[in-house]
1. Name the one entry in Pro43, Pro50, Pro14 that is open to solvent by 80 Å² or more (accessible area, probe 1.4 Å), touching a residue at least 12 places away in the same chain (Cβ under 8 Å), outside the structural domain of Met122 (by TED's automatic domain parsing) and not aromatic (Phe, Trp, Tyr).
2. Determine whether Ile92 is of a type in the set (Val, Ile, Thr) and within 13 Å of the ligand (Cβ to nearest atom).
3. For Thr30, all conditions in the list (1) among the polar types (S, T, N, Q); (2) open to solvent by 70 Å² or more (accessible area, probe 1.4 Å); (3) touching a Cys at 6+ places or on another chain (Cβ under 9 Å) hold save one; what is the number of the exception?
4. List the number of the failed condition for Val128; all other conditions in (1) surrounded by 15 or more Cβ atoms within 10 Å (Cβ to Cβ); (2) near the ligand (Cβ under 8 Å from one of its atoms); (3) not assigned by TED's automatic domain parsing to the domain that holds Arg31 hold.
Amino acid sequence: MASEKSFELRIITPDRVFYEGSAEMVEMDTREGAIGVYKSHVPTTCILRPGILTIHLEGGEEKQAALHGGFVEILKESVTVLAEAAEWPGEIDVERAKQAKERAEARLQAHNEDLDPLRAEMALRRAVTRIKAAK
Ligand code: ATP
């Protein structure tokens, strides 16, 4: 049963319910910076950036994952993340992430006229997050 300190956390991606359960705290990266959310947070919504998600469970256990953008709705008793993509460390193909990182870095360095810098920057961020989360 959920303790007094815990809230309901749901993380949904286009292809699955990534996580559903209670948590005492959850950390993630938003456009405004890193946030740590406890129960009874002031209700708000935030846009996410690719980064490491850390779920703090009752009893001190932690779970980490790579979370790649989307948005989060924070309510007093629940937190719902709608993410573009998310992976547990064991699901990450590190070689693929390294190649994506190299592609994004090459694009950013080439400064082509048709470069979409935000898109390249986000691709780089996703790749770096995956490499970090897989460790
Ligand atoms: P790539 O250029 O390698 O496709 P990407 O950052 O553009 O990387 P996304 O659009 O974020 O990829 O993800 C598309 C799908 O592929 C998602 O379901 C995501 O979880 C999965 N995915 C992407 N990269 C990896 C990886 N390195 N390991 C495992 N799954 C991955």
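1. The conditions single out Pro14.
2. yes
3. Thr30 satisfies all of (1) among the polar types (S, T, N, Q); (2) open to solvent by 70 Å² or more (accessible area, probe 1.4 Å); (3) touching a Cys at 6+ places or on another chain (Cβ under 9 Å) except (2).
4. Every listed condition holds for Val128 apart from (2).
The values are calculated or read from the model by the stated rules, or taken from the named source; none is laboratory data. Please read these numbers as outputs of a predicted model, since none were measured by experiment. Here Cβ is always computed from backbone atoms with ideal geometry, including for glycine, and neighbour counts include all displayed protein chains. Side chains are part of the model used for accessible areas, which takes the heavy atoms of the whole protein and leaves out ligands, DNA and RNA. Shrake-Rupley method; radii C 1.70, N 1.55, O 1.52, S 1.80 Å.
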